[in-house]
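*Asks:* Okay, here's the structure, questions in a sec.
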Amino acid sequence: MKYYLPAVVQIRKAGKLYGTWDLNPELDLKFGNDQTETQYESAEGTTTSIKVTEYRSEADLEIAFNSPDNGSLARQAILKQISEMADVIYEQVFFNDSKLKLDIAYGAGKAADYTETVTAAENAVTALEGKQYEALTNPIAIWENWLAKHDATNKKAAVNNKVAKGLHENLAIAYAFQGNYPKATEHITQALELANTGNKNLNEINRLTKFQQFIAEKEQAELNNANVDVSALKTAPNIKKLLGKRKLNAEIDFLFAEDKYQEMKDNQ
């Protein structure tokens, strides 16, 4: 069934609004007979009450669809939206592992002796693979020095547009992993400008665009977590798992993060 449930997610910290996202309100729900369990605790033990709602006709489904108070469809829609909400906030709040294809460029040809750029590229790859990002400082200095030789008017120059594009991408990568996001953004923007000049390679443009998005998301995530101790947080909490089975959550109206904060910490 089609179900329409508008929802907005906001991320706030200390009264400051960091972002607002509209979730897709049009949901496709698989719907049939519905079972809800309610558990009651007493001195004698736990009592479980099971209610089964049957839908035997299109008319029954129509009533459920148009009656939010009925709860069955609305509850399923809410839980599905919570799942979508998790996908949104994970990208903005938590430090998830990302897999990227990175190209480190170096000069080649007879226009100049590019040995220095080859060595810089090799050292940069070693630093990135070993996560020794401070070791990128020397390659950065070399690439910045070569960029000063850029001659956009001469295709045969030692640093023509093609070489400059590779150097800008190298610098964007290095600065991003050193945490200097303004410089990384500056260089990835210039790399994209050069990639869109002359003969265009769509695969290259897509790769650069993807890395530009990675830089923006990483900068936003670190901003959101500036005062958070993440040393013990290895993976993002599984919100759907924390909510438990759908049939045990008949009374869920909305989820506030603070309601589950301690449980999320306990399940890191």
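*Asks:* Taking the criterion of being of a type in the set (A, V, I, L, M) and surrounded by fewer than 18 Cβ atoms within 10 Å (Cβ to Cβ), would at least one residue in the stretch 160-183 satisfy it?
*Replies:* Within the stretch 160-183, not a single residue is of a type in the set (A, V, I, L, M) and surrounded by fewer than 18 Cβ atoms within 10 Å (Cβ to Cβ).
*Asks:* Same structure again: Could you tell me whether the stretch 228-243 includes any residue that is over 30 Å from Lys51 (Cβ atoms) and modelled with pLDDT of 80 or more?
*Replies:* no
*Asks:* So, one more: Which count do you get for residues in the stretch 118-136 that are without any contact (Cβ under 8 Å) to a residue 40 or more places away in the chain and farther than 13 Å from Tyr106 by Cα?
*Replies:* Matching residues across the stretch 118-136 total 7.
The values are calculated or read from the model by the stated rules, or taken from the named source; none is laboratory data. Predicted model, so just to flag it, every value in this text is computed and none were measured. Every residue, glycine as well, gets a Cβ built from its backbone with ideal geometry; the counts of neighbours run over all protein chains shown.
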